[in-house]
Amino acid sequence: MRARYGVPLGIAAAGAAGVVYAAGFETRSFRLRRVTVPVLPRGMRPVRLLQVSDIHMVGGQRKKQRWLRSLAGLRPDFVINTGDNLSDPEGVPEVLDALGPLMEFPGAYVFGSNDYYGPKPRNPARYLLEKVQGRHGLNGNPPVVGVVHNPWEDLRDGFDAAGWLNLTNTRGTLKIDGMSLELTGLDDPHIKRDRYAQVAGGPSAGADFSMGVVHAPYLRVLDAFTADSYPLILAGHTHGGQICIPFYGALVTNCDLDTDRVKGLSRHHAEGRTSYLHVSAGCGANRYTPVRFACPPEVTLMTLVERQ
């Protein structure tokens, strides 16, 4: 009897321990990623950019809120929020409180699908099935029905009141120490709200530096930004794979981006041109899958320097 059930019980115990670790420890093991990106024109001083993404705030997440508030101590030159701030319709006040110190700095934002809609219980195995079938979000899936509508307008109003730029299918410019930083943003491609035609044409001639900002790094968007000669593109959405296999990596990206670029800095090529792409692994998780494994929550402090 022991020989028959010893291995299954051992596997079950290991699995249970993994769940406890993923939900109880790693999901609260917040990290700061630091990266240097050589994208600025010659003669510009280095610029420090803090990217925050995929907070997925749920009421009562005090440790996450304290950690986000502490990030103001990094003193970035500006902040970019790449969406999915909410995972709870009641979470707007806590998001605004947690980001309050960071909103003292110049910043800009785009929204993700979870800012607009509340999450629904979902079998995580469906992400693997959708990857095999080439279906992601509303890009091939039926329209979402019966969803909870989050109070995203309140979130928008809070960010706008702090002076952050709303980059929803539009452009904006930040002035930092006399430098003109142009930001071109899109609404979330995951739910087909992106309208690249409204911002097409590439960087403005009068900007010292230009970059693209979007929540979900779908290839059609990355191709468009790169073809228009944006040197840097920021995105989130993927959670870095969220549940990864040690020494292997992510299984899914929840979009059509390859898993080799599920998080961190990489390059994207389109029409003979190349852009740097940074995908944030984010610092939260959907309230119905509150686990992370081999993929701790994070934000990124980027130092933009002169091109080599």
**Item:** Anchor LYS120: lysines whose Cα lies under 29 Å away (excluding residues fewer than 8 positions away in-chain)
**Value:** LYS63, LYS64, LYS131, LYS192, LYS263
**Asked** Given LEU251, ALA161, LEU74, which one lies farthest toward the positive end of the charge dipole of the chain, if we put +1 on the Cβ of every Lys and Arg and -1 on the Cβ of every Asp and Glu?
**Response** LEU251
**Request:** Considering the options GLY100, LEU40, PHE111, tell which one lies farthest towards the positive end of the dipole of the stretch 31-123, charges being +1 on Lys and Arg and -1 on Asp and Glu at the Cβ, about the Cα centre.
**Result:** LEU40
**Request:** Calculate how large, on average over all directions, the projected area of the Cα convex hull of the stretch 239-308 is; give the answer in nm² to one decimal.
**Result:** 6.1 nm²
**Descending semi-axes in whole angstrom, ellipsoid equivalent of the stretch 41-107, from the Cα gyration tensor** = 26, 12, 8
**Request:** Report Rg/Rh for the stretch 93-160, rounded to two decimals, where Rg is the Cα radius of gyration and Rh the Kirkwood radius.
**Result:** 1.09
**Request:** With all protein chains present, calculate the accessible area of TYR276 using a 1.4 Å probe and round the result to the nearest 10 Å².
**Result:** 40 Å²
**Item:** Under the span-like rule (Cα at least 20 Å along the axis, Kyte-Doolittle mean at least 0.0), DSSP H helices of the chain
**Value:** 2-24
**Asked** Rg/Rh for the chain: what does it come to with C-alpha atoms and Rh from Kirkwood?
**Response** 0.98
**Phi-based couplings in Hz for the stretch 39-44 (Karplus 6.51, -1.76, 1.60; Gly and Pro marked x)** = 10, 6, x, 4, x, 7
**Prompt:** For the stretch 243-250, what does the Karplus curve 6.51 cos²θ - 1.76 cosθ + 1.60, with θ = phi - 60°, yield as ³J(HN,Hα) per residue in whole Hz, taken in order and with x for Gly and Pro?
**Reply:** 10, 10, 9, x, 6, 10, x, 7
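Could you check how much of the accessible area of the chain is carbon and sulfur, as a whole percent, using a 1.4 Å probe?
55 percent
What longest region of the chain stays clear of GluC sites (Glu not before Pro) that DSSP places outside H, G, I, E and B and that have at most 15 other Cβ atoms within 10 Å? Walk me through the numbers on the way to the answer.
Details: sites that count: GLU90, GLU271.
The longest uninterrupted stretch comes out as 91-270.
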**the stretch 202-261 and the stretch 103-132: distance between their alpha carbon centers, rounded to Å** = 14 Å
**Prompt:** Looking at the stretch 44-198 from every direction and averaging, what is the projected area of its Cα convex hull in nm²?
**Reply:** 10.9 nm²
**Complete:** In debye to the nearest 20, the charge dipole size for the chain, taken about the Cα centre with +1 at each Lys and Arg Cβ and -1 at each Asp and Glu Cβ, equals 1120 debye
**Asked** Say each of LYS192 and ARG220 gets a label point 7 Å from the Cα, pointing the same way as Cα to Cβ; how far apart are those two points in nm?
**Response** 0.8 nm
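Just the accessible area per residue of the stretch 176-254, please: how many Å² with a 1.4 Å probe?
Per-residue accessible area for the stretch 176-254 comes out at 34 Å².
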**Prompt:** List the trypsin sites (Lys or Arg not before Pro) in the stretch 30-104 that DSSP assigns to loop (not H, G, I, E or B) and whose Cβ has at most 14 other Cβ atoms within 10 Å. Which are they?
**Reply:** ARG42
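The values are calculated or read from the model by the stated rules, or taken from the named source; none is laboratory data. All values reported here derive from a predicted model rather than from experimental measurement. So basically every Cβ, Gly included, is an ideal-geometry build from the backbone, and we count neighbours across all protein chains shown. Just so you know, the surface numbers come from the protein's heavy atoms only, side chains and all, with ligands and any DNA or RNA stripped out. Shrake-Rupley method; radii C 1.70, N 1.55, O 1.52, S 1.80 Å.
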